[in-house]
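The values are calculated or read from the model by the stated rules, or taken from the named source; none is laboratory data. Computed from a predicted model, the values in this text were never measured in an experiment. Neighbour counts run over all protein chains shown; Cβ positions are idealised from the backbone, glycine included. To get the accessible areas, we keep the full protein, side chains included, count just its heavy atoms, and leave off ligands, DNA and RNA. Shrake-Rupley method; radii C 1.70, N 1.55, O 1.52, S 1.80 Å.
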Amino acid sequence: IIYVGRIEKNSDWKGIKYLIEAMYIVQKRVKEVKLKLIGDGDYIKHYKNFANKLNVKVIFIGKKEGLQLEKEYLDSAILVLPSTSEAESFGMVLIEAMAHKKPVIGSNIGGIPYVIDNGKNGLLVPPKDPEALADAILKILNNPKLAKKMGENGYKKVKNNFTWNIQVDKTNKLFKKIMK
């Protein structure tokens, strides 16, 4: 399971606390599953201590970019974006994971529901709800066919909606509409 993003005190709204709490539940049922937190920031030590207190297996691997980040997406089973605030306006990491045919889980808040079609390319959960998050993770982990189908559906959504060419075309159409 991976999370990609900043790990800072000022970004508590990213929901890392709830993800670690969810992993406490998940790891009781699936011992071998691990959480990788990909990113840097000033709150890594805080979350390491929190994970150790709960006895949750978390790997902090720092910031990754380019091919290194691509490898992390490819090696993962699920990407989770457990945001707790409307400040999560889009969630580019969701698109990146979907482009690698990975199922995604995100909070039903901000722009995340714009990206995740619940039950089709991933799952939406209420924010600040570690039990619901754990249930969603377990649902995907315990159903490889569902995980594969969600990954394929996510890839199709990215290919049909979020490529550079499509975004440039949409932007040009918007500019033309505004200019009229």
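The criterion of being hydrophobic (A, V, I, L, M, F, W, C), open to solvent by 30 Å² or more (accessible area, probe 1.4 Å), closer than 24 Å to Lys36 by Cα and assigned to a helix (DSSP H, G or I) does not hold for Leu133.
With the structure loaded, tell me whether Tyr24 is touching a His at 6+ places or on another chain (Cβ under 8 Å), touching a residue at least 40 places away in the same chain (Cβ under 8 Å) and surrounded by fewer than 22 Cβ atoms within 10 Å (Cβ to Cβ) or whether it fails that test. Quick ask: steps written out before the conclusion?
Numbers: touching a His at 6+ places or on another chain (Cβ under 8 Å): no; touching a residue at least 40 places away in the same chain (Cβ under 8 Å): yes; surrounded by fewer than 22 Cβ atoms within 10 Å (Cβ to Cβ): yes.
When the stated conditions are applied, Tyr24 does not pass them.
Just give me the residues in the range 44-62 being within 19 Å of the chain's Cα centre (by Cα), in a loop (DSSP other than H, G, I, E, B) and not charged (D, E, K, R), in sequence order.
Val56, the sole residue that qualifies.
Of the residues Val30, Val104, Val80, Val93, the single one that is open to solvent by 10 Å² or more (accessible area, probe 1.4 Å) and in contact with a strand residue (DSSP E or B) (Cβ under 6 Å, 6 or more places away or on another chain) is Val93.
Taking the stated definitions as given, is Tyr24 hydroxyl-bearing (Ser, Thr, Tyr) and closer than 22 Å to Tyr155 by Cα? No, not satisfied.
Table: residues versus (1) closer than 20 Å to Val30 by Cβ; (2) under 14 Å from the mean Cα position of the chain (by Cα); (3) in a loop (DSSP other than H, G, I, E, B); (4) among the hydrophobic types (A, V, I, L, M, F, W, C).
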{"site": "Ala77", "(1), (2), (3), (4)": "yes, yes, yes, yes"}
{"site": "Leu94", "(1), (2), (3), (4)": "no, yes, no, yes"}
{"site": "Gly106", "(1), (2), (3), (4)": "no, yes, no, no"}
{"site": "Lys128", "(1), (2), (3), (4)": "no, no, yes, no"}
{"site": "Lys157", "(1), (2), (3), (4)": "no, no, no, no"}
{"site": "Asp169", "(1), (2), (3), (4)": "no, no, no, no"}
{"site": "Lys177", "(1), (2), (3), (4)": "no, no, no, no"}
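From the list Asn118, Asn142, the lone residue that is closer than 15 Å to Ile78 by Cβ, open to solvent by 70 Å² or more (accessible area, probe 1.4 Å) and in contact with a strand residue (DSSP E or B) (Cβ under 6 Å, 6 or more places away or on another chain) is Asn118. The number of residues in the range 85-121 that are on the phi > 0 side of the Ramachandran plot and in contact (Cβ under 8 Å) with a residue 24 or more places away in the chain comes to 3.
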